[in-house]
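*Asks:* I'd like to ask you about the structure that follows.
The values are calculated or read from the model by the stated rules, or taken from the named source; none is laboratory data. Quick caveat, the model's predicted, so the values are computed rather than measured. FYI the Cβ positions are ideal-geometry reconstructions off the backbone, even for glycines, and counts take in every protein chain you see.
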């Protein structure tokens, strides 16, 4: 399967714990995006990378959130000191720079904070 | 601030019924409009990317139209089947990101 993959698919954690998610984009795609979907809402943009550079961060991305794409391939999204409000589906997408409006999504990581 | 809206929020239809959903979006600075189908436990699947006013696209029993001047798009499903059950998301592309509506959840009963 050469699509976008995400790991883990599900994560249950206790409030206050740190969690890290991984996204592997389509191999030739140089852009990588993170979105978050909470109950009853559509996915909302969090941040995106072009190669290893993080080009934009949403105001939704508090100081407890950090994303990296160290070698311009896979990306990690870490949430420190999780809160119940962090419970959501975290989606990753990738695209080529030249057709950035065509974003391909992974299956998401569903986070539940208890 | 971009606001993409979809209606209805949910829809229950019988197998064989035809149905349609609406997506409205700001018409200023329009670039592209996407429709995705998202089934539970799967990746959102791109159905259509539309860029031109008056554009009409079709894939099997599903089709979509686009009006960029008034800022709306319709998605039509002809002869719904149980496997069409999913959440249908529309998204407007703006400054390197997708702005999504809240989706329409479709359930097709046999």
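*Asks:* Within region A:77-103, take every residue that is surrounded by fewer than 13 Cβ atoms within 10 Å (Cβ to Cβ) and within 26 Å of residue A:10 (Cβ to Cβ) and give me the one that is nearest to the other protein chains (Cβ to nearest Cβ).
*Replies:* The residue in question is A:85.
*Asks:* Still on this structure, I have one more. Facing chain A (nearest Cβ under 10 Å) and either closer than 30 Å to residue A:60 by Cα or not in a strand (DSSP E or B) (or both): which single residue out of B:22, B:87 fits that description?
*Replies:* B:87
*Asks:* Do you know which of the residues in region B:90-110 that are away from chain A (no Cβ under 14 Å) and modelled with pLDDT of 95 or more is nearest to the chain's Cα centre (by Cα)?
*Replies:* So, considering only residues that are away from chain A (no Cβ under 14 Å) and modelled with pLDDT of 95 or more, the one nearest to the chain's Cα centre (by Cα) is B:106.
*Asks:* Next up: So if I check each of B:75, B:106, B:66, B:98, which one is under 24 Å from residue A:92 (Cβ atoms) and assigned to a strand (DSSP E or B)?
*Replies:* B:98
Here is a yes/no grid of residues against (1) in a loop (DSSP other than H, G, I, E, B); (2) over 21 Å from residue B:94 (Cβ atoms); (3) away from every other protein chain (no Cβ under 11 Å):
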site	(1), (2), (3)
A:6	no, yes, no
A:15	yes, yes, yes
A:22	no, yes, yes
A:34	no, no, no
A:45	no, no, no
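*Asks:* Still on this structure, I have one more. Which residues, taken from region A:42-61, are without any contact (Cβ under 8 Å) to a residue 12 or more places away in the chain and surrounded by 14 or more Cβ atoms within 10 Å (Cβ to Cβ)?
*Replies:* A:42, A:56, A:57
*Asks:* Can you tell me which residue in region A:5-37 is nearest to residue A:106 (Cα to Cα), limited to those that are crowded, with 16+ Cβ neighbours inside 10 Å and in contact with a helix residue (DSSP H, G or I) (Cβ under 8 Å, 6 or more places away or on another chain)?
*Replies:* Out of the qualifying residues, it is A:31.
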